[in-house]
Protein chains: 2
Amino acid sequence: MTQSLTISIDAMGGDHGVQTTLPGLALARRALAADTRFQLHGDATMIEQELARLPQLKGRVEIRHTDKVIASDEKPATAVRRGKGASMWNAIEAVKSGEANGAVSCGNTGSLMAISRLILRMSVPVDRPPLVVPWPGLRGVTTMLDAGANIDCDAQRLVEFAIMGEAYHRAAHGIARPTVGILNVGSEDGKGHDEVRQAHAILKSGRFDLDYHGFVEGDDLSRNVVDVVVTDGFTGNVALKTGEGTAQYITHELRAALTSSFLAKLGALLARPALRAFRDKLNPPAAAPLLGLNGLVIKCHGGANAAAFGQSIDLAVDLAKSDFAAEIERNMTRLLVALEAPEDPVEELS
Amino acid sequence: MTQSLTISIDAMGGDHGVQTTLPGLALARRALAADTRFQLHGDATMIEQELARLPQLKGRVEIRHTDKVIASDEKPATAVRRGKGASMWNAIEAVKSGEANGAVSCGNTGSLMAISRLILRMSVPVDRPPLVVPWPGLRGVTTMLDAGANIDCDAQRLVEFAIMGEAYHRAAHGIARPTVGILNVGSEDGKGHDEVRQAHAILKSGRFDLDYHGFVEGDDLSRNVVDVVVTDGFTGNVALKTGEGTAQYITHELRAALTSSFLAKLGALLARPALRAFRDKLNPPAAAPLLGLNGLVIKCHGGANAAAFGQSIDLAVDLAKSDFAAEIERNMTRLLVALEAPEDPVEELS
């Protein structure tokens, strides 16, 4: 890469605003090494105050002042109607205008999604960018989508998620041929409902430039059996929240057990560094892209700390440098051809 | 209760056959206290050998010999075609003939379900008994159904699950008015797909003798926000396996952390009793009924130990003594009336 990239940042988003986003930016090692430039959208006074403590950002940033901020509890409909000129809005508009190669925000998901759709428009026939979840497990991280944006999904939609998730996973994790699975209640061909069986038939037809593994089950998420798991937004949301709830329950019981007696407390004290590392390992990555837009937008958790925000900046740079948008486009074209060809296993879709 | 109950037992089912089922039976405290009698189906020699060590069962059991056993990996279709005369088959037939008030088996789920449907027939319009899962969490146990038997479920099916699950939970847990929720991606009325919204409208109409709470989300399972969570077999299966996978991943990482250094190992040693109690607490109950049959059948995990098998016998007795079948019937009648009345919120179902 010889071309220098620019990333636009909603400096005000998230629980701690500039106090997280700017120190986070200073930790974005890959982005800083790659000679990336940053547009900082938000309150100039607050941004300058924070920048004074971060000499390593000197000469790399450009401040775009605005007083306006979209609150973390703003309704998406209100954000779209009255959000123009807010830091989040301006960060995304910089992508639209071509000034920036990608935008990053810790602002609320609903508003970010609504404003992104309005400004950038979808590049695929999907209604909303699928929610992408990095799912940590025994062998790394699996990309799961959709975790809740598109509730009803037909077979075509599931295949579109597969195409988007595969290209994203390659760009984000540097894996040449990510494997893809469809979430189901069993691994045999006949399992599940019509939508997953039809999507399975389309992906199995082998017309796509991706490594389709087949059906996977819920416990395969934490086993990282495949790199990308595709599902409808209803099932994906239930899976995500069920996993989160289970993790909360188990860590609660563990805490209760390790404070249940003097010996248990003493044991926990001795094992404290190990238990801390254990806890940190369970935290999933804080950043994920909104896929399927005409432009790159990265959503970072509202509660992310500086390190996590820095990772989301690095992710933005990795994605901006990659070919993932073009790869998605190529496989989407193959999908349209597959859906129109009547002589192959896909015909049952019609 | 003045009438003495009889429970028929598939003595050969499960990973360890008579070596688990008979010692387990001897641990069924509520059943033994209630003057229950037991029919033991299986190999008479093996059963007698085991009984010789269990004097507390003397005079309470009757052996029904058969050489035939349904293997743990038998396909349901084969079990139905060739299973006649097997210990599992005979145990269920004793319920059909009225000799027993309920049957308990650790045999494989698919075969047990297929044979039960064939012999007892469904009492409700549901295709298959929903798989009932006891979901342990912060405040006890939530009953979740269907965990995989009925993949496609319309609103009527979901309401039927609510009716069955509610009556079962009351009988199994002694809770007078179990609360019921429908699994969804949010708690507001408009959330989710048509099926859950319609089922929500039907249950909200208040025509049923049950305490309907509304929509719940995936993480509400481990929080035990409601006593009974209703969902289609696809979503329920994904939720169950995702929860199991998450639990396996976390306990794996915990084990790795607690063996990662000398101090961690020493700490784990000191905390060992607490960590054992923690591990035991995460184990869900091993028994659940097949609901919606004309007769009581309890499925116990194939890998259950004697204590868990004893609990499944106690569960059978609790359910046999309860009114739960009649309660289901009464609410099912209310459902039929609700579906036929055009003037209430349920009309959108048609």
Which condition breaks for B:GLU62 when tested against (1) at pLDDT 95 or above; (2) surrounded by 19 or more Cβ atoms within 10 Å (Cβ to Cβ)? (2)
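Within region A:156-181, work out how many residues are under 19 Å from A:GLU217 (Cβ atoms) and in a helix (DSSP H, G or I).
So the count comes out to 4.
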Residues of region A:203-236 being surrounded by fewer than 18 Cβ atoms within 10 Å (Cβ to Cβ), in contact (Cβ under 8 Å) with a residue 24 or more places away in the chain and in a loop (DSSP other than H, G, I, E, B), which ones? A:SER205, A:ARG207, A:ASP209
Take the residues of region A:38-59 that are surrounded by 12 or more Cβ atoms within 10 Å (Cβ to Cβ) and of a type in the set (A, V, I, L, M, F, W, C): which is farthest from A:LEU120 (Cα to Cα)? A:LEU54
Condition first: within 13 Å of chain B (Cβ to nearest Cβ) and at positive phi. Can you find one or more residues in region A:150-167 that meet it? no
Could you grab me the full set of residues in region A:188-233 that are out of contact with any helix residue (DSSP H, G or I) (no Cβ under 9 Å at 6 or more places or on another chain), within 14 Å of another protein chain (Cβ to nearest Cβ) and at pLDDT below 95? A:GLU188
Return a yes/no flag: does region A:27-40 have any residue that is farther than 25 Å from A:SER322 by Cβ and in contact (Cβ under 8 Å) with a residue 12 or more places away in the chain. no
What's the number of the condition A:ASP35 fails, among (1) over 24 Å from A:THR109 (Cα atoms); (2) loosely packed, with under 15 Cβ neighbours inside 10 Å; (3) out of contact with any Ser or Thr (no Cβ under 8 Å at 6 or more places or on another chain)? (3)
Can you spot a residue in region B:311-333 that is among the basic types (Lys, Arg) and over 19 Å from B:ALA34 (Cβ atoms)? yes
So, in region A:87-99, of the ones that are in contact (Cβ under 8 Å) with a residue 24 or more places away in the chain and out of contact with any helix residue (DSSP H, G or I) (no Cβ under 8 Å at 6 or more places or on another chain), which residue ends up farthest from A:SER111 (Cα to Cα)? A:GLU99
Residue list for region B:118-133, restricted to those being in contact with a Leu (Cβ under 7 Å, 6 or more places away or on another chain) and part of a helix (DSSP H, G or I): B:LEU120
Quick one: which helices (runs of 4 or more DSSP H) lie wholly within region B:1-102 and hold at least 2 residues that are under 26 Å from B:ALA149 (Cα atoms) and among the basic types (Lys, Arg)? B:76-82
Looking for something under 14 Å from A:ALA271 (Cα atoms) and at the interface with chain A (Cβ under 7 Å from one of its Cβ atoms) - is there at least one such residue anywhere in region B:234-255? yes
Give the residue that is surrounded by the fewest Cβ atoms within 10 Å (Cβ to Cβ), with candidates limited to residues of region B:256-265 that are of a type outside the set (S, T, N, Q) and more than 7 Å from chain A (Cβ to nearest Cβ). B:PHE262
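The values are calculated or read from the model by the stated rules, or taken from the named source; none is laboratory data. What you are looking at is a predicted structure, and each value in this text was computed from that prediction instead of being measured. Note that we place each Cβ from the backbone using ideal geometry, even for glycine, and neighbour counts take in every protein chain shown.
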